[in-house]
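Worksheet: one structure, shown below.
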Amino acid sequence: MKNSNTQIQEQLQQQKLGQTFSQQQLLQSSLIELPVAQLVDRINTEMNDNPALESEQPYDDNDAPSEVDYNNDDPDTQDDFETATEREERQSALDEALSGIGRDDEDLPVYQSGSSYSEDREEIVYGETESFYDKLKEQVGEMDLTPKQRDIMEYLIGSLDDDGLLRKALDIVSDELAIYHNIDATEKEIEQVLLMLQAFDPAGIGARSLQECLLLQIERRDPSKLRDLMERVVNNYFEAFTRKHWDKIQADLGLNDTQAEVLFRELRKLNPRPGASLGEVVGRSMQQITPDFIVDTQDDGTITFTLNNGEVPELKVSQSFVDSMKEYQQNKDHLSRQTKEALLYIKKKVDAAQGFIEAVKVRRHTLSVTMRAIIQLQRQFFLDGDEASLRPMILKDVAEKAGLDISTVSRVSNSKYAQTRWGTFPLRHFFSDGYVTENGEELSTRQIKAALRDLIDAEDKRKPLSDDQLKDQLAEKGFPIARRTVAKYREQLGIPIARLRK
(Lines give C-alpha, C1' and ligand atoms only; values in the text may rest on other atoms or scores of the structure.)
Protein backbone atom coordinates (compact mmCIF):
# COMPACT_ATOMS: atom_id res chain seq x y z
CA MET A 1 0.00 0.00 0.00
CA LYS A 2 1.41 3.32 -1.11
CA ASN A 3 1.46 6.32 1.14
CA SER A 4 -0.39 9.13 -0.62
CA ASN A 5 0.96 11.77 1.79
CA THR A 6 3.95 13.26 0.09
CA GLN A 7 5.92 16.37 0.99
CA ILE A 8 7.06 18.70 -1.72
CA GLN A 9 9.62 21.40 -1.05
CA GLU A 10 9.43 24.45 -3.27
CA GLN A 11 11.49 27.61 -3.48
CA LEU A 12 9.52 30.72 -4.29
CA GLN A 13 10.77 34.22 -4.99
CA GLN A 14 8.60 37.03 -3.63
CA GLN A 15 9.02 40.77 -3.46
CA LYS A 16 7.80 42.47 -0.31
CA LEU A 17 7.79 46.14 0.63
CA GLY A 18 8.54 46.79 4.27
CA GLN A 19 9.65 49.65 6.47
CA THR A 20 11.98 49.49 9.42
CA PHE A 21 13.03 52.24 11.80
CA SER A 22 16.55 52.74 13.01
CA GLN A 23 17.37 53.59 16.61
CA GLN A 24 18.15 57.13 15.48
CA GLN A 25 14.70 57.54 13.93
CA LEU A 26 13.07 56.20 17.08
CA LEU A 27 15.09 58.63 19.17
CA GLN A 28 14.06 61.55 16.98
CA SER A 29 10.40 60.54 17.19
CA SER A 30 10.50 60.28 20.98
CA LEU A 31 12.15 63.72 21.39
CA ILE A 32 9.71 65.39 18.97
CA GLU A 33 6.83 64.22 21.12
CA LEU A 34 8.22 65.66 24.38
CA PRO A 35 7.20 69.14 25.58
CA VAL A 36 10.02 71.44 26.61
CA ALA A 37 9.86 70.64 30.34
CA GLN A 38 10.15 66.90 29.74
CA LEU A 39 12.88 67.47 27.15
CA VAL A 40 15.06 69.07 29.83
CA ASP A 41 14.61 65.99 32.05
CA ARG A 42 15.37 63.71 29.11
CA ILE A 43 18.58 65.59 28.30
CA ASN A 44 19.74 65.54 31.93
CA THR A 45 19.13 61.78 32.08
CA GLU A 46 21.08 61.29 28.85
CA MET A 47 24.03 63.33 30.14
CA ASN A 48 24.07 61.29 33.34
CA ASP A 49 24.09 58.05 31.35
CA ASN A 50 26.61 59.10 28.70
CA PRO A 51 29.85 60.78 29.86
CA ALA A 52 30.64 61.72 26.26
CA LEU A 53 27.67 64.13 26.20
CA GLU A 54 28.15 67.52 27.83
CA SER A 55 26.41 70.88 27.98
CA GLU A 56 28.00 74.14 26.93
CA GLN A 57 28.62 75.88 30.26
CA PRO A 58 30.88 78.75 31.25
CA TYR A 59 34.07 77.78 33.02
CA ASP A 60 33.61 77.70 36.78
CA ASP A 61 36.62 78.99 38.74
CA ASN A 62 35.53 76.86 41.67
CA ASP A 63 36.35 73.76 39.64
CA ALA A 64 40.00 74.79 39.16
CA PRO A 65 42.78 73.06 41.12
CA SER A 66 43.61 75.23 44.13
CA GLU A 67 47.36 74.82 43.70
CA VAL A 68 47.47 76.39 40.24
CA ASP A 69 48.76 79.94 40.13
CA TYR A 70 46.63 81.85 37.60
CA ASN A 71 48.82 84.93 38.04
CA ASN A 72 51.88 83.12 36.75
CA ASP A 73 52.82 84.78 33.44
CA ASP A 74 55.51 82.24 32.58
CA PRO A 75 54.37 80.79 29.20
CA ASP A 76 56.31 77.57 29.78
CA THR A 77 54.52 77.01 33.07
CA GLN A 78 51.16 77.75 31.44
CA ASP A 79 51.88 75.31 28.58
CA ASP A 80 52.91 72.66 31.08
CA PHE A 81 49.71 73.19 33.05
CA GLU A 82 47.51 72.96 29.91
CA THR A 83 49.32 69.86 28.71
CA ALA A 84 49.00 68.22 32.12
CA THR A 85 45.31 69.09 32.28
CA GLU A 86 44.61 67.66 28.83
CA ARG A 87 46.58 64.54 29.66
CA GLU A 88 44.65 64.14 32.92
CA GLU A 89 41.31 64.52 31.13
CA ARG A 90 42.21 61.94 28.49
CA GLN A 91 43.50 59.54 31.11
CA SER A 92 40.31 59.99 33.13
CA ALA A 93 38.22 59.31 30.04
CA LEU A 94 40.32 56.24 29.24
CA ASP A 95 40.04 54.96 32.81
CA GLU A 96 36.28 55.30 32.68
CA ALA A 97 36.18 53.58 29.33
CA LEU A 98 38.33 50.72 30.63
CA SER A 99 36.12 50.36 33.66
CA GLY A 100 33.12 50.18 31.36
CA ILE A 101 34.35 47.20 29.38
CA GLY A 102 32.25 44.14 30.04
CA ARG A 103 29.17 46.05 31.02
CA ASP A 104 25.87 44.78 29.69
CA ASP A 105 24.35 46.52 26.70
CA GLU A 106 21.69 47.94 28.96
CA ASP A 107 24.24 50.52 30.13
CA LEU A 108 24.27 51.97 26.64
CA PRO A 109 21.46 54.37 25.66
CA VAL A 110 18.42 52.60 24.27
CA TYR A 111 15.93 54.70 22.35
CA GLN A 112 12.31 53.64 22.25
CA SER A 113 9.35 55.67 21.07
CA GLY A 114 7.25 54.53 24.00
CA SER A 115 9.74 55.42 26.69
CA SER A 116 8.94 56.00 30.32
CA TYR A 117 9.44 59.73 29.92
CA SER A 118 5.90 60.14 28.61
CA GLU A 119 4.03 57.78 30.89
CA ASP A 120 3.01 60.04 33.77
CA ARG A 121 2.68 63.37 32.02
CA GLU A 122 -0.30 64.45 34.05
CA GLU A 123 1.67 64.12 37.26
CA ILE A 124 4.59 66.27 36.08
CA VAL A 125 4.55 69.95 37.02
CA TYR A 126 5.05 72.33 34.09
CA GLY A 127 5.98 75.95 34.66
CA GLU A 128 4.60 77.76 37.68
CA THR A 129 2.52 75.89 40.24
CA GLU A 130 0.18 78.85 40.91
CA SER A 131 -3.16 78.32 39.21
CA PHE A 132 -5.65 80.65 37.57
CA TYR A 133 -7.84 80.19 40.66
CA ASP A 134 -4.95 81.07 43.02
CA LYS A 135 -4.18 84.31 41.19
CA LEU A 136 -7.76 85.49 41.54
CA LYS A 137 -7.84 84.41 45.19
CA GLU A 138 -4.82 86.66 45.83
CA GLN A 139 -6.88 89.63 44.67
CA VAL A 140 -9.78 88.54 46.88
CA GLY A 141 -7.46 88.81 49.88
CA GLU A 142 -6.92 92.50 49.10
CA MET A 143 -10.64 93.31 49.39
CA ASP A 144 -12.76 94.13 52.45
CA LEU A 145 -15.54 91.54 52.17
CA THR A 146 -18.04 90.12 54.62
CA PRO A 147 -17.80 86.35 55.23
CA LYS A 148 -20.91 85.83 53.06
CA GLN A 149 -19.52 87.96 50.23
CA ARG A 150 -16.23 86.06 50.42
CA ASP A 151 -18.06 82.73 50.08
CA ILE A 152 -20.02 84.03 47.10
CA MET A 153 -16.85 85.42 45.52
CA GLU A 154 -15.01 82.11 45.85
CA TYR A 155 -17.95 80.26 44.32
CA LEU A 156 -18.12 82.69 41.40
CA ILE A 157 -14.39 82.30 40.75
CA GLY A 158 -14.77 78.54 40.81
CA SER A 159 -17.63 78.84 38.30
CA LEU A 160 -15.57 80.71 35.67
CA ASP A 161 -14.72 78.81 32.50
CA ASP A 162 -11.22 78.62 31.00
CA ASP A 163 -11.82 81.92 29.19
CA GLY A 164 -12.49 83.65 32.50
CA LEU A 165 -16.18 84.19 31.71
CA LEU A 166 -19.21 83.31 33.85
CA ARG A 167 -21.50 81.23 31.64
CA LYS A 168 -24.08 80.54 34.37
CA ALA A 169 -27.14 82.71 34.93
CA LEU A 170 -27.24 84.38 38.36
CA ASP A 171 -30.45 82.58 39.33
CA ILE A 172 -28.68 79.27 38.73
CA VAL A 173 -25.76 80.43 40.87
CA SER A 174 -28.23 81.37 43.60
CA ASP A 175 -29.82 77.92 43.49
CA GLU A 176 -26.45 76.16 43.56
CA LEU A 177 -25.25 78.21 46.54
CA ALA A 178 -28.39 77.26 48.44
CA ILE A 179 -28.31 73.56 47.50
CA TYR A 180 -24.60 72.79 47.74
CA HIS A 181 -23.30 75.34 50.26
CA ASN A 182 -26.36 76.27 52.32
CA ILE A 183 -25.87 79.95 51.44
CA ASP A 184 -29.03 81.98 50.94
CA ALA A 185 -28.06 84.70 48.44
CA THR A 186 -30.36 86.70 46.20
CA GLU A 187 -29.48 87.46 42.57
CA LYS A 188 -28.92 91.10 43.59
CA GLU A 189 -26.39 90.11 46.26
CA ILE A 190 -24.60 87.83 43.81
CA GLU A 191 -24.52 90.56 41.16
CA GLN A 192 -22.96 93.00 43.65
CA VAL A 193 -20.15 90.52 44.31
CA LEU A 194 -19.82 89.80 40.59
CA LEU A 195 -19.28 93.52 39.90
CA MET A 196 -16.41 93.42 42.42
CA LEU A 197 -14.95 90.40 40.62
CA GLN A 198 -15.22 92.23 37.30
CA ALA A 199 -12.91 94.89 38.74
CA PHE A 200 -10.13 92.29 39.10
CA ASP A 201 -7.22 91.91 36.72
CA PRO A 202 -7.14 91.12 33.89
CA ALA A 203 -9.87 93.37 32.53
CA GLY A 204 -12.86 91.41 31.29
CA ILE A 205 -12.71 88.71 33.94
CA GLY A 206 -16.11 87.60 35.25
CA ALA A 207 -18.05 88.85 32.21
CA ARG A 208 -21.28 87.02 31.39
CA SER A 209 -20.88 87.30 27.62
CA LEU A 210 -18.28 88.21 25.03
CA GLN A 211 -19.93 91.60 24.56
CA GLU A 212 -19.76 92.40 28.28
CA CYS A 213 -16.16 91.13 28.36
CA LEU A 214 -15.09 93.59 25.67
CA LEU A 215 -17.01 96.48 27.26
CA LEU A 216 -15.33 95.86 30.62
CA GLN A 217 -11.95 96.18 28.92
CA ILE A 218 -12.94 99.36 27.11
CA GLU A 219 -14.17 100.92 30.38
CA ARG A 220 -10.66 100.56 31.85
CA ARG A 221 -9.26 102.90 29.19
CA ASP A 222 -8.78 106.61 29.79
CA PRO A 223 -11.70 108.79 28.63
CA SER A 224 -11.26 109.80 25.00
CA LYS A 225 -13.13 110.04 21.72
CA LEU A 226 -11.56 106.74 20.68
CA ARG A 227 -12.93 105.00 23.78
CA ASP A 228 -16.39 106.40 23.05
CA LEU A 229 -16.22 105.06 19.50
CA MET A 230 -15.12 101.63 20.74
CA GLU A 231 -18.07 101.53 23.15
CA ARG A 232 -20.48 102.51 20.36
CA VAL A 233 -19.19 99.71 18.12
CA VAL A 234 -19.46 97.01 20.79
CA ASN A 235 -22.83 98.30 22.07
CA ASN A 236 -24.58 99.15 18.80
CA TYR A 237 -22.75 97.18 16.10
CA PHE A 238 -21.77 94.02 17.94
CA GLU A 239 -23.19 91.69 15.29
CA ALA A 240 -21.37 93.54 12.50
CA PHE A 241 -18.23 93.62 14.65
CA THR A 242 -18.23 89.84 15.21
CA ARG A 243 -18.85 89.30 11.47
CA LYS A 244 -16.00 91.75 10.67
CA HIS A 245 -18.21 94.00 8.55
CA TRP A 246 -15.77 96.87 8.93
CA ASP A 247 -17.04 98.82 5.92
CA LYS A 248 -20.58 98.99 7.32
CA ILE A 249 -19.33 100.18 10.73
CA GLN A 250 -17.09 102.80 9.11
CA ALA A 251 -19.93 104.12 6.95
CA ASP A 252 -22.46 104.27 9.80
CA LEU A 253 -20.01 106.09 12.08
CA GLY A 254 -18.91 108.46 9.31
CA LEU A 255 -15.19 107.79 9.75
CA ASN A 256 -12.44 108.37 7.23
CA ASP A 257 -9.98 105.58 6.42
CA THR A 258 -7.35 106.72 8.93
CA GLN A 259 -9.85 107.02 11.78
CA ALA A 260 -11.37 103.64 10.94
CA GLU A 261 -7.95 101.98 10.81
CA VAL A 262 -7.04 103.30 14.28
CA LEU A 263 -10.43 102.28 15.69
CA PHE A 264 -10.34 98.74 14.30
CA ARG A 265 -6.72 98.26 15.37
CA GLU A 266 -7.62 99.13 18.97
CA LEU A 267 -10.69 96.90 18.88
CA ARG A 268 -8.54 93.97 17.74
CA LYS A 269 -6.35 94.46 20.81
CA LEU A 270 -9.24 93.50 23.09
CA ASN A 271 -8.87 90.03 24.57
CA PRO A 272 -11.89 87.72 24.16
CA ARG A 273 -10.31 85.21 26.57
CA PRO A 274 -9.02 87.18 29.60
CA GLY A 275 -8.76 84.00 31.68
CA ALA A 276 -6.21 82.56 29.27
CA SER A 277 -3.82 85.44 29.97
CA LEU A 278 -3.62 84.28 33.59
CA GLY A 279 -2.44 80.87 32.44
CA GLU A 280 -4.35 77.81 31.34
CA VAL A 281 -5.01 75.09 33.89
CA VAL A 282 -4.29 71.47 33.08
CA GLY A 283 -5.07 68.11 34.62
CA ARG A 284 -6.37 67.50 38.08
CA SER A 285 -3.71 69.62 39.73
CA MET A 286 -4.78 72.86 37.93
CA GLN A 287 -1.21 73.95 37.29
CA GLN A 288 0.15 76.29 34.67
CA ILE A 289 1.91 74.85 31.68
CA THR A 290 5.12 75.95 30.00
CA PRO A 291 4.51 77.02 26.38
CA ASP A 292 6.73 75.45 23.72
CA PHE A 293 6.16 78.32 21.29
CA ILE A 294 6.00 82.09 21.83
CA VAL A 295 3.94 83.71 19.05
CA ASP A 296 4.18 87.48 18.70
CA THR A 297 1.60 89.42 16.67
CA GLN A 298 2.53 93.00 15.80
CA ASP A 299 0.01 95.79 15.20
CA ASP A 300 1.03 95.92 11.52
CA GLY A 301 -0.03 92.29 11.03
CA THR A 302 3.45 90.78 11.24
CA ILE A 303 3.44 87.41 13.02
CA THR A 304 6.65 85.89 14.35
CA PHE A 305 7.36 83.04 16.72
CA THR A 306 10.23 81.59 18.70
CA LEU A 307 10.81 78.22 20.30
CA ASN A 308 10.81 78.34 24.07
CA ASN A 309 14.03 76.52 24.93
CA GLY A 310 13.51 77.05 28.66
CA GLU A 311 16.44 75.43 30.42
CA VAL A 312 17.43 73.27 27.45
CA PRO A 313 21.25 73.44 27.33
CA GLU A 314 23.44 73.59 24.24
CA LEU A 315 24.97 70.15 23.88
CA LYS A 316 28.41 69.06 22.71
CA VAL A 317 30.56 65.96 22.59
CA SER A 318 33.12 65.85 25.39
CA GLN A 319 36.42 67.12 24.06
CA SER A 320 38.35 64.68 26.25
CA PHE A 321 36.59 61.75 24.54
CA VAL A 322 37.29 63.20 21.10
CA ASP A 323 40.96 63.80 21.94
CA SER A 324 41.31 60.29 23.36
CA MET A 325 39.95 58.79 20.16
CA LYS A 326 42.33 60.85 18.02
CA GLU A 327 45.32 59.85 20.12
CA TYR A 328 44.44 56.15 20.06
CA GLN A 329 43.73 56.17 16.32
CA GLN A 330 47.12 57.75 15.63
CA ASN A 331 48.77 54.89 17.51
CA LYS A 332 46.37 52.09 16.62
CA ASP A 333 49.15 49.81 15.36
CA HIS A 334 50.70 49.75 18.81
CA LEU A 335 47.57 49.37 20.90
CA SER A 336 47.01 46.52 23.28
CA ARG A 337 43.83 44.45 23.15
CA GLN A 338 42.52 46.13 26.27
CA THR A 339 43.12 49.59 24.80
CA LYS A 340 41.35 48.62 21.58
CA GLU A 341 38.35 47.50 23.59
CA ALA A 342 38.44 50.82 25.42
CA LEU A 343 38.54 52.63 22.07
CA LEU A 344 35.49 50.70 20.91
CA TYR A 345 33.61 51.65 24.09
CA ILE A 346 34.59 55.32 23.70
CA LYS A 347 33.47 55.28 20.05
CA LYS A 348 30.05 53.95 21.06
CA LYS A 349 29.67 56.71 23.60
CA VAL A 350 30.75 59.41 21.14
CA ASP A 351 28.43 58.07 18.42
CA ALA A 352 25.54 58.00 20.89
CA ALA A 353 26.28 61.59 21.97
CA GLN A 354 26.46 62.79 18.35
CA GLY A 355 23.22 60.98 17.55
CA PHE A 356 21.46 62.57 20.50
CA ILE A 357 22.67 66.06 19.57
CA GLU A 358 21.45 65.52 16.00
CA ALA A 359 18.06 64.32 17.29
CA VAL A 360 17.67 67.51 19.36
CA LYS A 361 18.44 69.58 16.22
CA VAL A 362 15.89 67.60 14.21
CA ARG A 363 13.31 68.22 16.94
CA ARG A 364 13.97 71.95 16.84
CA HIS A 365 13.64 72.05 13.05
CA THR A 366 10.50 69.89 13.00
CA LEU A 367 8.74 71.97 15.65
CA SER A 368 9.63 75.18 13.78
CA VAL A 369 8.29 74.10 10.37
CA THR A 370 5.13 72.71 11.98
CA MET A 371 4.37 75.91 13.91
CA ARG A 372 5.12 77.99 10.81
CA ALA A 373 2.59 75.95 8.84
CA ILE A 374 -0.06 76.31 11.57
CA ILE A 375 0.40 80.10 11.65
CA GLN A 376 0.13 80.31 7.87
CA LEU A 377 -3.08 78.24 7.86
CA GLN A 378 -4.64 80.00 10.86
CA ARG A 379 -3.20 83.47 10.26
CA GLN A 380 -6.50 85.29 10.86
CA PHE A 381 -6.90 83.81 14.33
CA PHE A 382 -3.41 84.95 15.35
CA LEU A 383 -4.34 88.44 14.13
CA ASP A 384 -7.68 88.86 15.92
CA GLY A 385 -7.88 86.04 18.52
CA ASP A 386 -11.46 85.28 17.48
CA GLU A 387 -12.27 81.56 17.61
CA ALA A 388 -14.67 82.08 14.74
CA SER A 389 -11.60 82.87 12.62
CA LEU A 390 -10.24 79.36 13.00
CA ARG A 391 -10.64 77.72 9.62
CA PRO A 392 -11.09 73.97 9.16
CA MET A 393 -7.66 72.38 9.55
CA ILE A 394 -6.63 68.76 10.04
CA LEU A 395 -3.28 67.03 10.50
CA LYS A 396 -3.03 66.35 6.78
CA ASP A 397 -3.27 70.07 5.96
CA VAL A 398 -0.35 70.93 8.25
CA ALA A 399 1.67 67.94 7.08
CA GLU A 400 1.35 68.99 3.44
CA LYS A 401 2.19 72.61 4.25
CA ALA A 402 5.21 71.67 6.37
CA GLY A 403 6.42 68.84 4.13
CA LEU A 404 6.23 66.33 6.98
CA ASP A 405 4.57 63.01 7.63
CA ILE A 406 1.13 63.11 9.29
CA SER A 407 2.40 60.99 12.19
CA THR A 408 5.20 63.52 12.79
CA VAL A 409 2.74 66.42 12.91
CA SER A 410 0.61 64.42 15.33
CA ARG A 411 3.62 63.95 17.63
CA VAL A 412 4.47 67.64 17.48
CA SER A 413 0.88 68.59 18.33
CA ASN A 414 0.78 66.27 21.32
CA SER A 415 1.21 67.99 24.71
CA LYS A 416 2.58 71.20 23.16
CA TYR A 417 1.32 74.71 23.90
CA ALA A 418 1.64 78.06 22.14
CA GLN A 419 1.63 81.37 23.97
CA THR A 420 -0.09 84.03 21.87
CA ARG A 421 -1.32 87.57 22.25
CA TRP A 422 -4.73 86.11 23.04
CA GLY A 423 -3.68 83.55 25.62
CA THR A 424 -1.95 80.19 25.83
CA PHE A 425 -3.47 77.38 23.78
CA PRO A 426 -2.70 73.70 23.23
CA LEU A 427 -1.66 73.11 19.63
CA ARG A 428 -4.68 70.84 19.22
CA HIS A 429 -6.82 73.96 19.73
CA PHE A 430 -5.92 75.14 16.23
CA PHE A 431 -7.21 71.95 14.59
CA SER A 432 -10.85 71.71 13.63
CA ASP A 433 -12.95 69.55 11.34
CA GLY A 434 -14.94 71.17 8.59
CA TYR A 435 -18.66 71.18 7.83
CA VAL A 436 -19.58 71.36 4.15
CA THR A 437 -22.90 73.07 3.35
CA GLU A 438 -25.20 72.11 0.51
CA ASN A 439 -23.69 74.79 -1.74
CA GLY A 440 -20.20 73.40 -1.12
CA GLU A 441 -19.02 76.06 1.38
CA GLU A 442 -16.70 74.69 4.05
CA LEU A 443 -17.26 75.99 7.57
CA SER A 444 -15.26 75.33 10.72
CA THR A 445 -17.15 73.36 13.35
CA ARG A 446 -15.52 75.66 15.89
CA GLN A 447 -17.10 78.68 14.18
CA ILE A 448 -20.51 77.04 14.31
CA LYS A 449 -20.10 76.09 17.98
CA ALA A 450 -19.01 79.62 18.89
CA ALA A 451 -22.07 81.07 17.14
CA LEU A 452 -24.31 78.49 18.82
CA ARG A 453 -22.94 79.34 22.26
CA ASP A 454 -23.42 83.08 21.65
CA LEU A 455 -27.06 82.50 20.66
CA ILE A 456 -27.76 80.49 23.81
CA ASP A 457 -25.94 83.02 26.00
CA ALA A 458 -28.10 85.82 24.60
CA GLU A 459 -31.44 83.98 24.73
CA ASP A 460 -34.31 84.87 27.06
CA LYS A 461 -33.82 82.40 29.93
CA ARG A 462 -37.56 82.43 30.55
CA LYS A 463 -38.13 81.21 26.98
CA PRO A 464 -34.98 79.37 25.89
CA LEU A 465 -34.57 78.53 22.21
CA SER A 466 -35.37 75.06 20.95
CA ASP A 467 -32.97 73.24 18.62
CA ASP A 468 -35.25 74.11 15.67
CA GLN A 469 -35.17 77.80 16.60
CA LEU A 470 -31.40 77.64 17.03
CA LYS A 471 -31.13 76.03 13.60
CA ASP A 472 -33.11 78.89 12.01
CA GLN A 473 -31.08 81.60 13.76
CA LEU A 474 -27.79 79.91 12.83
CA ALA A 475 -28.93 79.83 9.21
CA GLU A 476 -29.56 83.60 9.39
CA LYS A 477 -25.97 84.03 10.61
CA GLY A 478 -24.65 82.07 7.64
CA PHE A 479 -24.45 78.61 9.23
CA PRO A 480 -27.06 76.46 7.44
CA ILE A 481 -26.87 73.22 9.41
CA ALA A 482 -29.44 70.56 10.23
CA ARG A 483 -31.34 70.40 13.52
CA ARG A 484 -29.67 67.10 14.47
CA THR A 485 -26.28 68.80 13.92
CA VAL A 486 -27.36 71.61 16.22
CA ALA A 487 -28.28 69.04 18.86
CA LYS A 488 -24.92 67.27 18.46
CA TYR A 489 -22.87 70.45 18.80
CA ARG A 490 -25.00 71.61 21.76
CA GLU A 491 -24.31 68.33 23.56
CA GLN A 492 -20.59 68.60 22.79
CA LEU A 493 -20.61 72.06 24.40
CA GLY A 494 -22.24 70.58 27.49
CA ILE A 495 -25.39 72.69 27.09
CA PRO A 496 -28.68 71.04 28.13
CA ILE A 497 -31.90 71.05 26.12
CA ALA A 498 -34.23 74.09 26.18
CA ARG A 499 -36.53 73.02 29.01
CA LEU A 500 -33.56 72.44 31.31
CA ARG A 501 -32.11 75.89 30.58
CA LYS A 502 -35.03 77.76 32.17
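The values are calculated or read from the model by the stated rules, or taken from the named source; none is laboratory data. Remember, it's a predicted structure, so these values are computed and weren't measured experimentally. For neighbour counting, all protein chains shown are included, and Cβ atoms are generated from backbone atoms with ideal geometry for every residue, glycine included. Protein only, heavy atoms only, side chains kept; ligands, DNA and RNA dropped before computing areas. Shrake-Rupley method; radii C 1.70, N 1.55, O 1.52, S 1.80 Å.
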Charge tally in the Cβ shell below 13 Å around Leu53, where Lys, Arg are +1 and Asp, Glu are -1, Leu53 excluded: -3
Each label point is 7 Å from the Cα along the Cα-to-Cβ direction; what then is the distance between the points at Ala487 and Ser55, in nm? 5.7 nm
For Asn44 and Asn256, FRET efficiency with R0 = 51 Å and r from the beta-carbon atoms, rounded to 0.05? 0.30
Lys148 versus Glu314, label points 7 Å from Cα toward the beta carbon: distance in nm? 6.4 nm
By the scheme Lys and Arg +1, Asp and Glu -1, what is the net charge of all other residues having a beta-carbon under 10 Å from that of Ile497? +1
So, taking all protein chains as they sit and a 1.4 Å probe, how much accessible area belongs to Glu266, in Å² rounded to tens? 20 Å²
Per residue, what accessible area does the stretch 344-468 have, given a 1.4 Å probe and all protein chains present, in Å²? 44 Å²
Expected field for His245, accessible surface area in Å² at 1.4 Å probe radius, rounded to 10, holds 90 Å²
Past the 28 Å Cα-Cα mark, which pairs from Lys248/Lys449; Lys477/Lys502; Lys248/Lys416; Lys168/Lys396; Lys137/Lys463; Lys135/Lys225? Lys248/Lys416; Lys168/Lys396; Lys137/Lys463; Lys135/Lys225
Report the extension gain between Gln380 and Lys188 in nm, rounded to one decimal, defined as 0.36 nm multiplied by the number of residues separating them, less their alpha carbon distance. 65.1 nm
Excluding ligands and nucleic acids, what accessible area in Å² is computed for Val360 using a 1.4 Å probe, to the nearest 10? 10 Å²
Modelling each spin label as a point 7 Å along the Cα-to-Cβ direction, I'd like the Asn235/Arg428 distance in nm, to one decimal. 4.2 nm
If each residue of separation counts as 0.36 nm, what is the full-extension length gain between Asn414 and Leu500 once their alpha-carbon separation is subtracted? 27.3 nm
Please compute the per residue accessible area over the stretch 156-196 with all protein chains in place, 1.4 Å probe, rounded to a whole number of Å². 52 Å²
Residues in the stretch 190-227 near a label at Ala178, defined as backbone nitrogen under 12 Å from the 7 Å Cα→Cβ point? none
So, R0 is 60 Å and r is the distance between the beta-carbons of Arg227 and Ser336; what FRET efficiency does that work out to, to 0.05? 0.10
